[in-house]
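Student: The structure that follows is given in the form of structure tokens.
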Amino acid sequence: MRKISLALALLLAPALAQAWPWSQDMANQVSIKPQESVDPANPGMVPFPKRSIPVPGTMTLVPDAAAAEKLKNPVPATEESIKKGGELFAIYCVPCHGKAGKGDGYVGHKLILQPYDLSADQTKQRTDGFIWGYITFGGAVMPIYGNDLNPTERWHVVNYIRNVIEKPQAAPAEAKK
Ligand code: HEC
């Protein structure tokens, strides 16, 4: 019996380990990453060549949540951006944070640490960069979404939180139907 349960545990272990979005073992290689410097004297990000323009969706090296907090939101909160953000929010955030962002999603219910209410004052007082960083790097329990949403998409989600989740009176077009 013991042998069988040990064998079962061994069989299941890799399946469980790979189920999590933060299993990025294959990404942790010695190869040079996009925009990574190859000059040991100048580590960090390679400066963009002169006259180059940024491409939306290109990952830039923001090292951690503390650095992200200071970022300025480069994506104007146009109707289009908010709409895109809403679509992404429905896919990636609603399961835990709920439709209105109150932290009452079906999956969130099952967590030891309940998802925060994103319409509460605490989040309202955060910078746009903080929210962008939270999506990028995750939290204690909240998974990392930096692999699923490109940087521009994350700003769309921020615009949606700012303009719809935090302002329920300005109901989303969908709710007005
Ligand atoms: C698996 C469940 C889960 C999903 C999915 C999820 N979150 Fe969270 N989120 C949490 C939990 C739990 C917390 C509480 C803090 C922690 O885990 O560190 C949290 C906290 C946050 C916070 C911190 C709020 C504050 O003011 O401190 C932000 C911002 C946030 N989530 C945004 C998002 C966004 C945007 C998405 C979608 C891209 C998302 N979350 C998806 C579980 C989730």
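Student: Once phi is turned into θ = phi - 60°, what whole-Hz ³J(HN,Hα) does the Karplus curve with 6.51, -1.76 and 1.60 give for every residue of region 92-99, x standing for Gly and Pro?
Tutor: Along region 92-99, the couplings run 9, 10, 4, x, 9, 7, x, 4 Hz.
Student: Excluding residues on the same chain fewer than 8 positions from Lys50, give the lysines whose Cα lies under 28 Å from its Cα.
Tutor: Counting by Cα, and skipping residues close in sequence, Lys50 has these lysines nearby: Lys33, Lys70, Lys72.
Student: Would you mind getting me the FRET efficiency between Lys72 and Gln35? Use the beta-carbon distance for r and R0 = 25 Å, nearest 0.05. Each step should come with its number before you reach the end.
Tutor: Details: r = 20 Å, r/R0 = 0.79.
The value I calculate is 0.80.
Student: To continue, here is another question. With label points built 7 Å along Cα→Cβ from the Cα atoms of Ala65 and Val46, find their separation and express it in nm.
Tutor: 3.2
Student: On to the next question. What translational D, rounded to a whole number of µm²/s, comes out for region 90-177 from Stokes-Einstein when the hydrodynamic radius is the Kirkwood one over Cα pairs, at 4 °C and 1.567 mPa s?
Tutor: Values: Rh = 13.2 Å.
The calculation lands on 98 µm²/s.
Student: I would also like to ask the following. Starting from the Cα-Cα distance between Glu79 and Val107, subtract it from 0.36 nm times their residue separation and give me the gain in nm to one decimal. Don't skip to the answer; put the middle values down first.
Tutor: Numbers: separation 28, 0.36 × 28 = 10.08 nm, distance 2.90 nm.
Value of the extension gain: 7.2 nm.
Student: Shifting gears a bit: Residue-wise, which Karplus ³J(HN,Hα) couplings in Hz belong to region 120-133, taking 6.51 cos²θ - 1.76 cosθ + 1.60, θ = phi - 60°, and x for glycine or proline?
Tutor: 7, 4, 3, 6, 4, 7, 6, 7, 4, x, 4, 5, 4, x
Student: Using amide H atoms built in the peptide plane, which far-off residues or other-chain residues are under 5 Å from Met45 H to H?
Tutor: Hits under the 5 Å cutoff: none.
Coordinate-derived values only; no laboratory data. Just so it is clear, the model here is predicted, and its values are computed rather than measured. With ideal geometry, Cβ positions are generated from the backbone for all residues, glycine too; neighbour counts draw on all protein chains shown.
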